[in-house]
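Note sheet for the following structure.
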Amino acid sequence: MSIYKKILTHKKIILLCLMSGIIGVTSTMGIFILIGNPQILWADHSIRQSGYRFINPLLECEVQNKIERQKYIPFEEVAINRINEEVINKNPSVKVGVYFRNLNNGPWFGINENEYYSPASILKVPIFITYLKWAEKDPSIWNKKMPISSDSSFTHYFPPSKVLATNQEYDTKTLLEHMIKYSDNHAMGSLVKAIPTDLYSQINRDLGITVPGIKTPEDYLSVKDMATFFRILYNSSYLERESSEYALKVLSETDFNKWLRVGIPSEVLISHKFGERGYNDEATKKYVKQLHDCGIVYYEQYPYLACVVTRGDDFDINAKIIADTSRIIFEEVSKAFPRK
């Protein structure tokens, strides 16, 4: 199935879910409709394919011919208030963006969700998606070997626990997994150099990403934009199901477990990617430090997507903000939907 046909098919499924004279507001990938009062929702039932551990492919949905009253997100107000009072208000010098989405049926909330940040290593996720899409068309890509990049401009505040030797060649799978699991910038550099320019540009356009250039602003993606990469994988709306499943499996094996992981039981799986970026801001003459973490929390009663982005002057403070925000979200989710 072509890229465009697959996207159109997914959109048709969503449109069928929203038929019967519904009026309101919807997102491209969502299936919930907000009608007037935010507490009133059109009751819909998505039908998803089972048999996968990390993805939940949307097949079709059924719409009831009635309107039911129910909470949009039962804990939304409490969670937002707690994040503001316990985290954001206590760190006024740090810009914080939060995006939360219920992955069962799509309702979401955000805090400064449209403000732009530098995506940093979150961009490794669309690079991963690019290779998986490429491999679906040309499986020989998996056998391609590349030398590891020796670009000394790559720096880490949170360095990878494992590094690849710069005097060796590695196959595509090894480089992709090292790029994701250990956030290895050198593996990423080798992979990006090997992507055909037209393919990279096309897939970035498909995903709604600006391909960074000389004139691209430092901050050009919102936390809501970054969350889209994970929704695309979870719904398997762009890649084939096996590719999406593999991507989220690798993302669940990252060894960076300090931020979103905090406050979440170890037995609850998380597929996530963090990003860090430090640079001199010409306007303020300050050294800016951005740290983000975005991913899917596979809480059985209520799987959800959470992304927290920060911009300040201290990576450790930024890290604590992400950890505290993640802890608050999980506490409110688990109180509203306790384990059986």
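The values are calculated or read from the model by the stated rules, or taken from the named source; none is laboratory data. Computed from a predicted model, the values in this text were never measured in an experiment. So basically every Cβ, Gly included, is an ideal-geometry build from the backbone, and we count neighbours across all protein chains shown.
Quick notes on this one:
- For segment 247-261, the tally of residues that are within 21 Å of Asn56 (Cα to Cα), surrounded by fewer than 20 Cβ atoms within 10 Å (Cβ to Cβ) and touching a strand residue (DSSP E or B) at 6+ places or on another chain (Cβ under 6 Å) stands at 1.
Quick grid of which residues meet (1) at pLDDT 95 or above; (2) touching a Pro at 6+ places or on another chain (Cβ under 9 Å); (3) outside the structural domain of Phe274 (by TED's automatic domain parsing); (4) within 25 Å of Tyr52 (Cβ to Cβ):
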{"site": "Pro196", "(1), (2), (3), (4)": "no, no, no, no"}
{"site": "Leu199", "(1), (2), (3), (4)": "no, no, no, no"}
{"site": "Gln202", "(1), (2), (3), (4)": "no, no, no, no"}
{"site": "Leu207", "(1), (2), (3), (4)": "no, yes, no, yes"}
{"site": "Pro217", "(1), (2), (3), (4)": "no, no, no, no"}
{"site": "Glu242", "(1), (2), (3), (4)": "yes, no, no, yes"}
{"site": "Leu248", "(1), (2), (3), (4)": "yes, no, no, yes"}
{"site": "Leu251", "(1), (2), (3), (4)": "yes, no, no, yes"}
{"site": "Trp259", "(1), (2), (3), (4)": "no, no, no, no"}
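- The condition of being surrounded by 16 or more Cβ atoms within 10 Å (Cβ to Cβ) and under 18 Å from Gly106 (Cβ atoms) holds for only one of Ile328, Ile296, Ile264, Ile322, that being Ile296.
- Candidate set from segment 192-202 (those that are closer than 18 Å to Pro119 by Cα and in contact (Cβ under 8 Å) with a residue 24 or more places away in the chain); member that is surrounded by the fewest Cβ atoms within 10 Å (Cβ to Cβ): Val192
- Scanning segment 117-126 finds no residues that are farther than 28 Å from Leu199 by Cα, among the hydroxyl-bearing types (Ser, Thr, Tyr) and in contact (Cβ under 8 Å) with a residue 12 or more places away in the chain.
- Note on segment 270-287: among residues that are free of Cβ contacts under 8 Å to residues at least 60 places away in the same chain and over 13 Å from Ile180 (Cα atoms), the one that is surrounded by the most Cβ atoms within 10 Å (Cβ to Cβ) is Ile270.
- Note on segment 140-175: residues that are closer than 16 Å to Ile195 by Cβ and either free of Cβ contacts under 8 Å to residues at least 12 places away in the same chain or part of a strand (DSSP E or B) (or both) amount to 6.
- The residue of segment 80-111 that is farthest from the chain's Cα centre (by Cα), among those that are part of a loop (DSSP other than H, G, I, E, B) and of a type in the set (A, V, I, L, M), is Val94.
- Within segment 253-269, the set of residues being touching a residue at least 24 places away in the same chain (Cβ under 8 Å) and closer than 24 Å to Tyr117 by Cβ comprises Thr254, Asp255, Phe256, Lys258, Trp259, Leu260, Arg261, Val262, Gly263, Ile264.
- Checking each residue in segment 288-303 for being outside any strand (DSSP E or B) and without any contact (Cβ under 8 Å) to a residue 60 or more places away in the chain picks out Tyr299, Glu300, Gln301.
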